[in-house]
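Scroll down for the structure; my scribbles are underneath it.
The values are calculated or read from the model by the stated rules, or taken from the named source; none is laboratory data. Treat the numbers as computed from the prediction; the structure is a model and nothing was measured. Glycine also receives a Cβ, built like all others from the backbone with ideal geometry; neighbour counts cover every protein chain displayed.
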Amino acid sequence: MTMSAALRLSCAAVFAAAVFAAPASAAIKCNRGSQLVSGQWIATPYCQDQYLAEVARKSGFKASAAKIRNNPNYKKNLCQYMYSDIRVQQTCLDAGVPQLFGIP
């Protein structure tokens, strides 16, 4: 192997190590049911479910965001109690809870 080929190979290895060793900040950032996407806060189902779990825990329920996301019936049952809370009303409306109360 020539000196220039060895130098290229070692530079490529150092570059690859630097790229793959950098920590990825791909964590989803949520705030009150909205997700930070390209510098803008938008409402997403993922963050709304997380916020519903936070509000429910503050009200005394043992709710987790994962359980709400994975079980739509649990979300509906939780929303039956939480629907009157203005912070999660839209989330519960999207889950179809008001139909249970006869609200069109």
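For region 60-73, the set of residues classified as farther than 15 Å from Tyr46 by Cα and in contact with a helix residue (DSSP H, G or I) (Cβ under 9 Å, 6 or more places away or on another chain) consists of Phe61, Lys62, listed by residue number.
Restricting Ile42, Ile68 to residues that are surrounded by fewer than 16 Cβ atoms within 10 Å (Cβ to Cβ), modelled with pLDDT of 95 or more and not charged (D, E, K, R) narrows the list to Ile42.
Criterion first (over 14 Å from the mean Cα position of the chain (by Cα) and basic (Lys, Arg)) does Arg32 satisfy it? Taking the combined requirement at face value, the residue does not satisfy it.
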